[in-house]
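The values are calculated or read from the model by the stated rules, or taken from the named source; none is laboratory data. Source: prediction; values computed, not measured. Cβ placement follows ideal geometry from the backbone for every residue including glycine, while neighbour counts extend to all protein chains displayed. We work out accessible area using only protein heavy atoms, side chains counted, and drop any ligands, DNA or RNA first. Shrake-Rupley method; radii C 1.70, N 1.55, O 1.52, S 1.80 Å.
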Amino acid sequence: DSGVTQTPKHLITATGQRVTLRCSPRSGDLSVYWYQQSLDQGLQFLIQYYNGEERAKGNILERFSAQQFPDLHSELNLSSLELGDSALYFCASSREGLQETQYFGPGTRLLVL
Amino acid sequence: AQTVTQSQPEMSVQEAETVTLSCTYDTSESDYYLFWYKQPPSRQMILVIRQEAYKQQNATENRFSVNFQKAAKSFSLKISDSQLGDAAMYFCAYRSANNYGQNFVFGPGTRLSVLP
(Lines give C-alpha, C1' and ligand atoms only; values in the text may rest on other atoms or scores of the structure.)
Protein backbone atom coordinates (compact mmCIF):
# COMPACT_ATOMS: atom_id res chain seq x y z
CA ASP A 1 0.00 0.00 0.00
CA SER A 2 1.62 3.23 -1.21
CA GLY A 3 -0.48 5.51 1.01
CA VAL A 4 -2.03 7.25 -2.00
CA THR A 5 -5.77 6.74 -2.31
CA GLN A 6 -7.96 7.18 -5.35
CA THR A 7 -11.71 7.08 -5.75
CA PRO A 8 -13.64 5.65 -7.38
CA LYS A 9 -11.88 2.44 -8.38
CA HIS A 10 -14.10 1.96 -11.39
CA LEU A 11 -16.27 4.33 -13.37
CA ILE A 12 -18.55 3.58 -16.31
CA THR A 13 -20.14 6.47 -18.14
CA ALA A 14 -21.40 7.52 -21.55
CA THR A 15 -19.92 9.70 -24.24
CA GLY A 16 -20.44 13.39 -23.70
CA GLN A 17 -20.62 13.07 -19.94
CA ARG A 18 -18.40 14.62 -17.26
CA VAL A 19 -16.68 12.78 -14.41
CA THR A 20 -14.48 13.70 -11.48
CA LEU A 21 -11.65 11.53 -10.18
CA ARG A 22 -10.34 12.10 -6.70
CA CYS A 23 -6.90 11.56 -5.20
CA SER A 24 -5.55 11.88 -1.66
CA PRO A 25 -1.75 12.02 -1.44
CA ARG A 26 0.47 10.36 1.14
CA SER A 27 0.68 12.14 4.44
CA GLY A 28 3.23 14.93 4.14
CA ASP A 29 3.38 14.96 0.35
CA LEU A 30 2.72 18.33 -1.26
CA SER A 31 2.98 17.29 -4.91
CA VAL A 32 0.30 15.44 -6.82
CA TYR A 33 0.66 14.11 -10.36
CA TRP A 34 -1.92 12.72 -12.76
CA TYR A 35 -1.17 10.12 -15.42
CA GLN A 36 -3.23 8.37 -18.08
CA GLN A 37 -2.57 4.79 -19.13
CA SER A 38 -4.51 3.59 -22.15
CA LEU A 39 -4.91 -0.12 -22.83
CA ASP A 40 -1.56 -1.90 -23.01
CA GLN A 41 0.34 1.35 -23.22
CA GLY A 42 2.77 3.26 -21.08
CA LEU A 43 1.92 6.12 -18.81
CA GLN A 44 1.37 9.61 -20.13
CA PHE A 45 1.95 12.49 -17.74
CA LEU A 46 -1.01 14.85 -17.60
CA ILE A 47 -0.41 17.48 -14.93
CA GLN A 48 1.32 18.22 -11.63
CA TYR A 49 0.22 20.33 -8.68
CA TYR A 50 2.39 21.47 -5.82
CA ASN A 51 0.78 22.83 -2.66
CA GLY A 52 -2.28 24.01 -4.54
CA GLU A 53 -0.52 25.50 -7.54
CA GLU A 54 -0.10 24.05 -11.01
CA ARG A 55 3.60 23.25 -11.50
CA ALA A 56 3.91 21.30 -14.71
CA LYS A 57 1.68 20.38 -17.60
CA GLY A 58 2.00 17.43 -19.93
CA ASN A 59 -0.26 16.01 -22.59
CA ILE A 60 -3.51 17.09 -20.99
CA LEU A 61 -6.46 17.77 -23.25
CA GLU A 62 -8.39 21.02 -22.96
CA ARG A 63 -11.46 18.97 -22.01
CA PHE A 64 -9.57 17.86 -18.89
CA SER A 65 -8.79 20.00 -15.88
CA ALA A 66 -7.45 19.47 -12.41
CA GLN A 67 -7.05 21.25 -9.12
CA GLN A 68 -5.49 20.72 -5.73
CA PHE A 69 -7.37 21.82 -2.65
CA PRO A 70 -6.06 23.33 0.61
CA ASP A 71 -6.17 19.90 2.27
CA LEU A 72 -3.91 18.76 -0.60
CA HIS A 73 -6.31 16.31 -2.16
CA SER A 74 -6.66 16.67 -5.90
CA GLU A 75 -9.43 16.19 -8.43
CA LEU A 76 -9.16 15.49 -12.14
CA ASN A 77 -12.20 16.57 -14.13
CA LEU A 78 -12.86 14.97 -17.49
CA SER A 79 -15.61 16.48 -19.63
CA SER A 80 -17.25 15.86 -23.00
CA LEU A 81 -15.99 12.31 -22.71
CA GLU A 82 -15.09 10.33 -25.80
CA LEU A 83 -14.59 6.60 -26.29
CA GLY A 84 -10.85 7.19 -26.50
CA ASP A 85 -10.78 8.57 -22.98
CA SER A 86 -11.31 5.07 -21.63
CA ALA A 87 -8.16 4.36 -19.65
CA LEU A 88 -6.62 3.84 -16.27
CA TYR A 89 -5.97 7.16 -14.53
CA PHE A 90 -3.25 7.20 -11.92
CA CYS A 91 -2.51 9.72 -9.27
CA ALA A 92 0.94 9.86 -7.69
CA SER A 93 2.38 11.96 -4.91
CA SER A 94 5.80 12.94 -3.67
CA ARG A 95 7.61 15.14 -1.22
CA GLU A 96 9.05 18.46 -2.34
CA GLY A 97 11.97 18.25 -4.73
CA LEU A 98 12.75 16.65 -8.04
CA GLN A 99 14.85 14.03 -6.29
CA GLU A 100 11.82 12.63 -4.55
CA THR A 101 10.27 9.39 -5.72
CA GLN A 102 6.67 9.38 -6.86
CA TYR A 103 4.36 6.88 -5.20
CA PHE A 104 1.33 5.79 -7.16
CA GLY A 105 -2.24 5.20 -6.12
CA PRO A 106 -4.20 2.15 -7.27
CA GLY A 107 -5.74 4.01 -10.20
CA THR A 108 -9.26 4.69 -11.41
CA ARG A 109 -10.43 2.62 -14.35
CA LEU A 110 -12.67 4.70 -16.59
CA LEU A 111 -14.83 3.11 -19.26
CA VAL A 112 -16.67 5.38 -21.67
CA LEU A 113 -19.46 3.66 -23.61
CA ALA B 1 12.79 16.21 -25.27
CA GLN B 2 13.83 13.18 -23.33
CA THR B 3 12.80 9.75 -24.57
CA VAL B 4 12.95 6.33 -22.97
CA THR B 5 13.16 3.15 -25.01
CA GLN B 6 12.57 -0.42 -23.93
CA SER B 7 13.42 -2.61 -26.89
CA GLN B 8 12.01 -5.86 -25.46
CA PRO B 9 8.20 -5.82 -25.53
CA GLU B 10 8.09 -9.28 -23.94
CA MET B 11 10.48 -11.54 -22.10
CA SER B 12 10.26 -14.78 -20.20
CA VAL B 13 12.41 -16.40 -17.56
CA GLN B 14 12.40 -19.72 -15.76
CA GLU B 15 11.67 -19.60 -12.06
CA ALA B 16 14.88 -19.21 -10.00
CA GLU B 17 16.83 -18.00 -13.04
CA THR B 18 18.17 -14.52 -13.78
CA VAL B 19 16.79 -12.11 -16.36
CA THR B 20 17.88 -8.67 -17.54
CA LEU B 21 15.51 -6.05 -18.90
CA SER B 22 16.94 -3.33 -21.12
CA CYS B 23 16.31 0.40 -21.08
CA THR B 24 17.98 3.20 -22.98
CA TYR B 25 17.23 6.87 -22.80
CA ASP B 26 18.07 10.02 -24.64
CA THR B 27 18.86 13.25 -22.82
CA SER B 28 21.19 16.22 -23.01
CA GLU B 29 21.11 16.70 -19.26
CA SER B 30 23.84 15.55 -16.93
CA ASP B 31 21.79 15.33 -13.76
CA TYR B 32 18.70 13.16 -13.61
CA TYR B 33 17.04 10.19 -11.94
CA LEU B 34 16.13 6.82 -13.35
CA PHE B 35 13.52 4.41 -12.06
CA TRP B 36 12.12 0.98 -12.65
CA TYR B 37 8.46 0.47 -11.83
CA LYS B 38 6.62 -2.83 -11.80
CA GLN B 39 2.96 -3.17 -12.78
CA PRO B 40 1.49 -6.58 -11.88
CA PRO B 41 -1.92 -7.73 -13.14
CA SER B 42 -3.53 -5.67 -10.36
CA ARG B 43 -2.31 -2.61 -12.39
CA GLN B 44 -0.79 -1.02 -9.29
CA MET B 45 2.46 0.84 -10.09
CA ILE B 46 5.14 -0.30 -7.66
CA LEU B 47 8.59 1.25 -7.37
CA VAL B 48 11.29 -1.38 -7.82
CA ILE B 49 14.49 0.63 -7.77
CA ARG B 50 15.90 4.10 -8.45
CA GLN B 51 19.26 5.44 -9.50
CA GLU B 52 20.73 8.92 -9.24
CA ALA B 53 22.78 9.82 -12.29
CA TYR B 54 25.53 11.42 -10.20
CA LYS B 55 26.16 8.14 -8.39
CA GLN B 56 28.60 5.75 -10.05
CA GLN B 57 27.57 2.86 -7.85
CA ASN B 58 24.75 0.75 -9.23
CA ALA B 59 21.63 0.59 -7.07
CA THR B 60 20.49 -2.71 -5.59
CA GLU B 61 17.34 -3.77 -3.77
CA ASN B 62 17.39 -7.37 -2.64
CA ARG B 63 17.06 -9.51 -5.80
CA PHE B 64 16.89 -6.44 -8.06
CA SER B 65 19.92 -4.57 -9.31
CA VAL B 66 20.69 -2.19 -12.13
CA ASN B 67 23.53 -1.75 -14.56
CA PHE B 68 23.77 2.00 -15.08
CA GLN B 69 26.02 3.05 -17.95
CA LYS B 70 25.80 6.84 -18.09
CA ALA B 71 27.94 7.35 -21.17
CA ALA B 72 25.94 4.78 -23.08
CA LYS B 73 22.65 6.10 -21.62
CA SER B 74 21.71 2.61 -20.62
CA PHE B 75 19.86 1.49 -17.49
CA SER B 76 19.13 -2.24 -17.38
CA LEU B 77 17.37 -4.12 -14.60
CA LYS B 78 18.59 -7.50 -13.44
CA ILE B 79 16.25 -9.78 -11.52
CA SER B 80 17.98 -12.64 -9.76
CA ASP B 81 16.34 -15.82 -8.49
CA SER B 82 13.13 -14.97 -10.38
CA GLN B 83 9.89 -15.73 -8.60
CA LEU B 84 6.37 -16.22 -9.92
CA GLY B 85 5.39 -12.96 -8.28
CA ASP B 86 7.85 -11.09 -10.47
CA ALA B 87 5.60 -11.60 -13.48
CA ALA B 88 4.47 -8.11 -14.47
CA MET B 89 4.97 -5.20 -16.83
CA TYR B 90 8.16 -3.34 -16.07
CA PHE B 91 8.49 0.32 -16.93
CA CYS B 92 11.70 2.29 -17.06
CA ALA B 93 11.29 6.00 -16.26
CA TYR B 94 13.41 9.14 -16.46
CA ARG B 95 13.11 12.34 -14.51
CA SER B 96 15.08 15.56 -14.89
CA ALA B 97 16.88 16.80 -11.78
CA ASN B 98 16.70 20.43 -12.86
CA ASN B 99 13.53 21.06 -14.77
CA TYR B 100 10.20 21.06 -13.00
CA GLY B 101 8.49 21.36 -16.33
CA GLN B 102 9.88 18.01 -17.35
CA ASN B 103 8.22 15.29 -15.40
CA PHE B 104 8.45 11.56 -15.53
CA VAL B 105 8.98 10.10 -18.97
CA PHE B 106 8.08 6.43 -19.13
CA GLY B 107 9.21 3.79 -21.59
CA PRO B 108 6.64 1.57 -23.33
CA GLY B 109 7.23 -1.31 -20.93
CA THR B 110 8.45 -4.91 -21.02
CA ARG B 111 6.06 -7.71 -20.14
CA LEU B 112 7.89 -10.33 -18.09
CA SER B 113 6.56 -13.85 -17.76
CA VAL B 114 7.97 -16.24 -15.17
CA LEU B 115 7.72 -19.92 -16.07
CA PRO B 116 7.40 -22.53 -13.30
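Local charge for B:Ala97 was computed over the other residues whose Cβ lies under 9 Å away, with Lys and Arg +1 and Asp and Glu -1, and equals -2. The lysines within cross-link reach of A:Lys57, meaning a Cα-to-Cα straight distance under 26 Å and a gap of 8 or more places when in the same chain, are A:Lys9, B:Lys38, B:Lys73.
How many Å² of accessible area per residue for chain B, probe 1.4 Å?
47
Note on chain A: with neighbouring protein chains present and a 1.4 Å probe, carbon and sulfur make up 47 percent of its accessible heavy-atom surface. In order along segment B:78-84, phi translates into HN-Hα couplings of 10, 10, 9, 6, 3, 10, 4 Hz, rounded to whole numbers, per the Karplus curve 6.51 cos²θ - 1.76 cosθ + 1.60 with θ = phi - 60° and x for Gly and Pro. Across all C-alpha atoms in the protein assembly as shown, the radius of gyration and Dmax reach 17.6, 52 Å.
With the contact rule set at Cα under 8 Å and sequence spacing of 6 or more, what percent relative contact order holds for chain A?
Numbers: 289 pairs, mean separation 41.7, N = 113.
Here the relative contact order equals 37 percent.
Give the cross-link partners of B:Lys55 among the aspartates and glutamates, using a straight C-alpha distance below 12 Å as the criterion and excluding same-chain residues fewer than 8 apart. Answer for B:Lys55, where 12 Å is the Cα cut-off: B:Asp31, listed by chain and number. So which GluC sites (Glu not before Pro) in segment B:22-97 are both in a DSSP loop and have at most 16 other Cβ atoms within 10 Å of their Cβ? Here the sparse-neighbourhood loop sites are B:Glu29. Distance distribution P(r), segment A:28-113, all Cα-Cα pairs, bin width 10 angstrom from 0: 17, 52, 26, 4 percent. Do you know the relative contact order of segment A:5-71, to the nearest whole percent, from alpha carbon pairs under 8 angstrom that are 6+ apart? Relative CO of segment A:5-71 lands at 20 percent.
Grab the eigenvalues of the alpha-carbon gyration tensor for chain B, scale each by 5, take roots, and send me the semi-axes largest first in whole angstrom. Numbers along the way, then the final one.
Working: eigenvalues 119, 42, 28 Å².
Ellipsoid half-lengths, sorted descending, are 24, 15, 12 Å.
Mean sequence separation of contacting Cα pairs (under 8 Å, at least six apart), scaled by the length of chain B, corresponds to a relative contact order of 37 percent. Taking chymotrypsin sites (Phe, Trp or Tyr not before Pro) in DSSP loop states with no more than 14 other Cβ atoms inside 10 Å as exposed sites, chain B has its longest site-free stretch at B:1-53.
Restricting the chymotrypsin sites (Phe, Trp or Tyr not before Pro) of segment A:1-80 to loop positions (DSSP other than H, G, I, E, B) with no more than 13 neighbouring Cβ atoms within 10 Å leaves nothing.
Once both labels are positioned 7 Å from their Cα atoms along Cα-to-Cβ, the gap between B:Ala97 and A:Phe69 label points is 3.8 nm. Mean per-residue shielding of peptide B:86-98 is 2, counting Cβ atoms of other chains within 10 Å of each Cβ. Ordered from highest to lowest accessible area with the whole protein assembly present and a 1.4 Å probe, A:Lys57, B:Lys78, B:Lys73 read as A:Lys57, B:Lys78, B:Lys73.
Annotation for the B:A interface, with buried accessible surface near 2000 Å², both sides summed [1.4 Å probe; non-protein components not counted]. Restriction of the trypsin sites (Lys or Arg not before Pro) in segment A:6-45 to DSSP coil positions whose beta-carbon has at most 11 other beta-carbons within 10 angstrom yields A:Lys9, A:Arg18.
Computed from the C-beta positions of A:Glu82 and B:Leu47 and an R0 of 41 Å, the FRET efficiency is 0.80 to the nearest 0.05.
Burial of accessible area (probe 1.4 Å, heavy atoms of protein chains only) in segment A:79-113, relative to its chain alone, reaches at least 50 Å² for A:Leu98, A:Gln99, A:Thr101, A:Gln102, A:Phe104. Heavy atoms of the protein chains alone define the surface here; on that basis chain A has 46 Å² accessible area per residue at 1.4 Å probe size.
What does the structure give for B:25-33 when I average, per residue, the other chain Cβ atoms found within 10 Å of the residue Cβ?
Numbers: counts 0, 0, 0, 0, 0, 0, 2, 1, 4.
Partner Cβ neighbours, averaged per residue: 1.
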